[in-house]
Every structure is written in C-alpha cells, then in structure tokens.
Amino acid sequence: MSYSRPLDFKNGRVDLSHGSGGRAMAQLIRELFVKHFDNDYLRAQNDGACFPLPANAGRMVMATDSHVVSPLFFPGGDIGCLSVHGTVNDVAMAGGQPLYLSAGFVLEEGFALADLQRIVISMAAAARGAGVPIVTGDTKVVEQGKGDGVFITTTGVGIVPPGIELAPQRIRPGDKLLVSGYLGDHGVAIMSLRENLSFETAIESDTAALHGLAAAMLAAVPGIRTLRDPTRGGLAAVLNEFAEAAGCGMLIHEKAIPVRGAVAAACELLGLDPLYVANEGKLVAVCPPEDAERLLAVMCAHPQGRDAAIIGEAIVDTNGFVQMETVFGGRRMVDWLSGEQLPRIC
C-alpha cells in the first residue's frame, strides 16, 4: 500500500484532484466524510446504501433540498447543520419519521479544507442530534471562480405512519392556524451579518430539526390538516400556498404573531416584512378548531415549540386571499412575495 500524507486541515485547500475519482478523492472521503459521518453504511464503501425499513410501518416519504446560503457561517449555525435540518424538516412536514440522509457536495477549487472540515463536523453533529445518519453521498469539484465555496444537496427518506394524511387541500373554513415560535430569526441573522449590523440583543438563526415536535403533535392530534416549515418566502408564502390549495381564505391577527423586538427592529431598518422572512426551525400547523387548544398545549410543552401561538384561522373566501388584521383594527392583504426579498438565504 503506497503512503500518502494526511490532509492538511489547517492550511490545505480543495483542488481539482479531490473530485477526480482518484487517490486524492478517496483520501478526502476517508479522512473527512467517513471519519465524521461514520456509520456501517458508509464504511461499506458502496456507491449507495441499502437499508432496512420497519415492517408494516406505513408509506415512505422522500425529500431533497439544495443549500446555497451565503455567508456559509452565520450566528446560530452554518450551511452544514442547515443542510441536515432543512431536509429532516421536509420529511417531518409530510408527517414522516426521518430515517436516513444522503449528502452531495459541490466544492470550489481553492476552498479552505479547514472550513470544509468545520462544515462536515457541524453536519455530523446535527445528524447525530436528530438521530438520522448520513448513509451515502457524492463529491464534485469545480474550477475556481465557477462556484461559491460549497453547495450541499441533502436527500432524506422516512416513514409516514398509517393513518396520517397531511395535505393543504384538507383545510376547511374555521380551522385554526398555529406557528411554533418566533418568526424571522434565520433571515434576519443572515441579513444582519451581510450588512454588518449589530443589535443590543443578539439575533441568531433558529435552524433546528423539528421531527420530534411534529411527531408529538401528530400523536396528540392525528387530525392535523397539514404542516409546513416557512422557509423561503416565510409565513406569507406558506399561507398563500394553503389558500390556493384549499380554495378558501386565511385571516391572521398581527398581535398574535410572535416576532422578537430585535427582529422587528432589524426588519424595519432593512425595509423587510417579517411575514416574508425565512425561518429554518419553525413550523406552521392547521387543525380543526376543536383541537387547537390541545395542540397548542402540546407544542408549548416541547422545547422546539415553547413559544407557539394560535395566529388566525381559515375563512370562507372564494378568492383565496390571505389577510392580516392589524393592531389598529383594519385589514391588509398579505400577497405572494414579488421578486426575491432575501437571496441565498438557505
């Protein structure tokens, strides 16, 4: 066996050979990805992963998500943990229990190995924390100037238990709208860093895995109509998607919507609307009105939902408009986002 020097994770850089399929690529996979993502599936060194599924567990669900956030490191997280949480949450919003993840990396030539190691360690910690192993993956390297450091695509598979049916088409007028906590933290954390803004109270991303919260909610209220995580486009995009799919309107109450004072102040300074700002650790739930208080109690009892609130209801409206009752007693439209308010946010 020929000798090769260990990778220099302090001063080394990604080069094209790390994506060539040769010795350097094998070394990168062995000394970085397999080392930190370590599990039996990766150690098999196959080009995919074969895994068992629970017997008679229900239907399978699969979700995939690409992550291009800029900057790569931000208050409260980084592209690594974000790539795990984002896909785990997509599986959970379908009512599924996430089981396994894959991860694909597009690396730019010249990217610091120290930063790549930091990202991989963060991903590994997030996957362990969620109990969802990364069992297979892929790495590509592009020439310098043709990428932006690193892009990560993750895919997750899971199982939806029997009896769980989540879809916005199931929403009916009178159903209650709930959110699991403060809105806008992730998007404002990113923008504050980009704009070099500082506040008396630190604003950090809310990136987190939500499958534990979602499972507790579904166990207590199996009749939940639908779940969604308000990422790009924020709460406004989710509610407009719901209204369009259900053929009814949505009415939310401004005074009931949880937004931190620092986030509201930052949005005002940056000319943003918190309703459209991305979140990476919050969910929106819709349930029958008779289940709302019970569901709220379950959410508030969970660490990821302790600041949950009932923020509105579905209403009869053949136009499918989303409206907000303001703190002054009037109403305003909450329309689809026009253009891109916050690019490269996740």
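The values are calculated or read from the model by the stated rules, or taken from the named source; none is laboratory data. The structure displayed is predicted, hence computed values, not measured ones. Cβ coordinates were reconstructed from backbone atoms using ideal geometry, including for glycine residues, and neighbour counts include every protein chain displayed. Please note that ligands, DNA and RNA were not included when accessible areas were found on the heavy atoms of the full protein model with its side chains. Shrake-Rupley method; radii C 1.70, N 1.55, O 1.52, S 1.80 Å.
Tabulated values for the structure
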| quantity | calculated |
| --- | --- |
| Note, ³J(HN,Hα) from phi for the range 287-298, Karplus 6.51, -1.76, 1.60, rounded to Hz, x at Gly and Pro | 9, x, x, 6, 9, 4, 5, 5, 5, 4, 4, 5 |
| Antiparallel %, DSSP beta bridges [both residues in the range 16-160], to 5 | 70 |
| Cross-link reach list, aspartates and glutamates versus K35, counting only Cα pairs under 19 Å and skipping chain neighbours closer than eight places | D8, D47, D115, D138 |
| Positive-pole candidate from F242, A94, L337, dipole of the chain, charges at beta carbon | A94 |
| Assigned charges on the beta-carbon of Lys, Arg, Asp, Glu; the chain dipole about Cα centre (debye) | 660 |
| FRET efficiency estimate (nearest 0.05) - Cβ-Cβ, H253 to L53, R0 35 angstrom | 0.25 |
| Within the chain, helix-based [θ] at 222 nm, where runs of 4 or more DSSP H residues each add -39,500 (n - 2.57), nearest 500 | -8000 deg cm²/dmol |
| Accessible-area value, F51, 1.4 Å probe, nucleic acids and ligands omitted, Å² | 70 |
| The range 16-160, dipole about Cα centre (Lys/Arg Cβ +1, Asp/Glu Cβ -1), debye to the nearest 20 | 320 |
| Distance from the range 15-45 to the range 250-270 (C-alpha centre basis), Å | 45 |
| Accessible area of S70 in the full protein assembly, 1.4 Å probe (Å², nearest 10) | 40 |
| Among (i) 21.4, 76; (ii) 24.5, 86; (iii) 21.0, 68, the entry derived from the coordinates for Rg and Dmax of the Cα atoms in Å | (i) |
| Heavy atoms of C300 accessible to a 1.4 Å probe, total area in Å² rounded to 10 | 50 |
| Qualifying lysines (Cα of each under 21 Å from Cα of K255; at least 8 residues distant if same chain) | K176, K282 |
| Neighbour net charge for V106 - beta-carbon separation under 13 angstrom, K R +1, D E -1 | -3 |
| GluC sites (Glu not before Pro) restricted to DSSP loop in the range 213-312 with at most 16 other C-beta within 10 Å | none |
